[in-house]
Structures are given as structure tokens and as C-alpha cells.
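Contents: one structure, followed by commentary.
The values are calculated or read from the model by the stated rules, or taken from the named source; none is laboratory data. Just so it is clear, the structure is predicted and the values come from calculations on it, not from any experiment. Here the Cβ positions follow ideal geometry from the backbone for every residue, glycine too, while neighbour counts run over all protein chains shown.
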Amino acid sequence: MTNDTPATPSVKPPPDRLYGRIKSHSLRPRQEKLLAETLPRVRFDLERAGEPVAQFPGPIDQLWLEVGFGGGEHALAQIAANPRAGLIACEVFEIGLCSLLTKLADEGEEATSQLPGNLRVFDDDARTLLRLLPDGCLSKLILNFPDPWPKARHAKRRFVHPALVPDVARALVPGGEWRIATDDPTYQAWTKDVMGAQSLFSVAPPALERPEGWPPTRYEAKAIRAGRQPMYWSAIKT
């Protein structure tokens, strides 16, 4: 009898961090002010990771985690459409952090603008936070268009990784959803192999059109303009 179950990809364990440099160029004065004055007002406190819901000033029914929010447009759309969902938005790159913070704070009022009560920002490696969160605290984890690390020697840096699947599953409630979107053919094939070789999630074939309730991002638009086909996975914890 032939076993058609994909083999788990053979790859080294993930390194201490999944990204390279976090700075791209010198920041403008306002960007520096946003990082100094606005970011501390919404920053998720890693030392209190064991009580994540308590860090949101607004009333929260569900807890979501977005890994790598890029320009922040997806995160902002989600908190606006789901006011009772508390979103922890993770990003390490300063330019992405500034892009989000610019939309939150009025110029000249970086330290006083009213900020959304259902958003916290974590500006470090999302895996560190994920491993400190309580069991079954997340209803949703979102991974939109991550760095594909297309070279074989860089496969260990991908967030979709055999060693990280149990960490995601532990933090999600039964029935919780792990969303994955990518336009990169190498990452698409990799995701199919990794998710096909595990038993912690029920994974339907990827959608080729962005599902309802999944806001667009600039990276998706860029991919489509370049003629690349995004794929959208919804993995449900069993």
C-alpha cells in the first residue's frame, strides 16, 4: 500500500531569530517621536504575557495574534471590523512600526492621541511571545505574506516550520484558526508540505481568492500587479 502522506520537510531548527536587520535607513524626526512616545502607549508587555487580555484597556472577547503586520493596514482593518477582538500585532522592522503608528497618532499629539483599546503592538520576535502566551488563549493567528526566505539554506527561518506548528497549536483554542497567505511559489509548496505532514490542524486546500473577512494588504496588491498568484490557507486546530 502506498502512503501518500507528505513527509515532514527535513530542515534545521529555527535560529534564535527569523529576521535580519530591523533598520532600513535613518528615521525622520516624527518617526523617532512615534517610536519614543506612541509605541510605549500600545506596546505589549512581554513580562505580563501570562495575562494577555488584561493588557487591553477595552473589553475583549477574543484574542488574536498577527505575525509581521508590515504596513499595518490589515491590523487596522481588523480592529475596526472586530472591536471585541483584542489584536496583538507583531512587527520588528522600524519602518513598519512607524507606518502603523502614523495612522494611530495625530502629528504633534504622539503622546496624547486617543488610541484603540483593542490593539497592542509587540516589537520583537513573535515566536518569543507565542511561547510565553497561556495555553489556548488565542482564537486566531494571522501570517500574511511573510518573508519567503526562498533559498534552501534559509528554510529554517520560515515561520511556517515543523518545529513551530506545535507552538501555534498550543496557544490556539480548539477550533482556533491559523491563517496563512503567501504569493511566493517556494513558500506555497513549503506550506503545503509542512501542513500536510502534521496532525494538529485540519487544513483545507488553499483558496485562490482572498476569503471574506480577510482584509487586503499592500503586499498582496504588489503581488497581483506582478502577476503572482496568492494562496490563502485556513488551518483549524483539531
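Can you pull out every residue in region 117-130 that is closer than 20 Å to Ala81 by Cβ, out of contact with any Leu (no Cβ under 6 Å at 6 or more places or on another chain) and surrounded by 18 or more Cβ atoms within 10 Å (Cβ to Cβ)? It would help to see each step written out before you state the result.
So the first thing to find is which residues in region 117-130 are closer than 20 Å to Ala81 by Cβ, and the list is 117-121.
Pick out the ones that are also out of contact with any Leu (no Cβ under 6 Å at 6 or more places or on another chain) and you get 117-118, 120-121.
If the condition is that a residue be closer than 20 Å to Ala81 by Cβ, out of contact with any Leu (no Cβ under 6 Å at 6 or more places or on another chain) and surrounded by 18 or more Cβ atoms within 10 Å (Cβ to Cβ), then Asn118, Arg120, Val121 are the ones that fit.
Please specify each residue of region 25-44 satisfying the condition of being among the polar types (S, T, N, Q) and surrounded by 16 or more Cβ atoms within 10 Å (Cβ to Cβ). It would help to see each step written out before you state the result.
Of region 25-44, the ones among the polar types (S, T, N, Q) are 26, 31, 38.
Within region 25-44, Gln31, Thr38 qualify.
If we keep just the residues of region 203-238 that are outside any helix (DSSP H, G or I) and β-branched (Val, Ile, Thr), which is surrounded by the most Cβ atoms within 10 Å (Cβ to Cβ)? Outline the logic, then answer.
From region 203-238, those outside any helix (DSSP H, G or I) are 203-217, 226-238; that's our starting set.
Next cut, β-branched (Val, Ile, Thr) only: 203, 217, 236, 238.
Working: Val203: 19, Thr217: 22, Ile236: 14, Thr238: 11.
Looking at the filtered set, the residue picked out is Thr217.
Is it true that Asp147 is at pLDDT below 95 and not in a strand (DSSP E or B)?
Working: at pLDDT below 95: yes; not in a strand (DSSP E or B): yes.
It is true that Asp147 is at pLDDT below 95 and not in a strand (DSSP E or B).
Give me the pairs, please: first residue somewhere in region 214-234 and farther than 21 Å from Lys192 by Cβ, second residue anywhere and at pLDDT below 95, beta-carbon distance under 9 Å, and either six or more positions apart or on two chains.
Thr217/Gly70; Thr217/Gly71; Arg218/Gly70; Arg218/Gly71
Residues of region 192-202 being under 18 Å from the mean Cα position of the chain (by Cα) and not in a helix (DSSP H, G or I), which ones?
Phe201
Quick one: what pairs do we get from region 20-37, first residue within 27 Å of Pro148 (Cβ to Cβ) and hydrophobic (A, V, I, L, M, F, W, C), second part of a loop (DSSP other than H, G, I, E, B) and modelled with pLDDT of 85 or more, C-beta under 8 Å, 6+ apart or different chains?
Pairs found: Ile22/Val92; Ile22/Phe93.
Basic (Lys, Arg), out of contact with any strand residue (DSSP E or B) (no Cβ under 6 Å at 6 or more places or on another chain), modelled with pLDDT of 95 or more and outside any strand (DSSP E or B) - does that describe any residue in region 162-185? Step through it out loud before you land on a result.
First pass over region 162-185, keeping only residues basic (Lys, Arg): 170, 179.
In the following step, the residues that additionally are out of contact with any strand residue (DSSP E or B) (no Cβ under 6 Å at 6 or more places or on another chain) were identified as 170.
Cutting the leftovers down to modelled with pLDDT of 95 or more gives us 170.
From the residues that got through so far, the ones that are outside any strand (DSSP E or B) too are 170.
Yes, there is a match, as at least one residue in region 162-185 is basic (Lys, Arg), out of contact with any strand residue (DSSP E or B) (no Cβ under 6 Å at 6 or more places or on another chain), modelled with pLDDT of 95 or more and outside any strand (DSSP E or B).
Where the second residue is of a type in the set (Asp, Glu) and assigned to a loop (DSSP other than H, G, I, E, B) and the first is free of Cβ contacts under 8 Å to residues at least 12 places away in the same chain and lies in region 66-89, which pairs have Cβ atoms under 9 Å and are six or more apart or on separate chains?
none
Which one of these is in contact with a helix residue (DSSP H, G or I) (Cβ under 7 Å, 6 or more places away or on another chain), over 21 Å from Tyr219 (Cβ atoms) and charged (D, E, K, R): Glu110, Glu73? Can you show your working first?
On the way: Glu73 fails: over 21 Å from Tyr219 (Cβ atoms).
Matching residue, one of Glu110, Glu73: Glu110.
Tell me, which helices (runs of 4 or more DSSP H) wholly within region 1-107 include 2 or more residues that are modelled with pLDDT of 95 or more and basic (Lys, Arg)? Quick ask: steps written out before the conclusion?
Numbers: elements: 29-33, 39-42, 73-81, 94-104.
Fully inside region 1-107 and qualifying: 29-33.
Has region 184-193 got at least one residue that is on the phi < 0 side of the Ramachandran plot and touching a Gly at 6+ places or on another chain (Cβ under 6 Å)?
no
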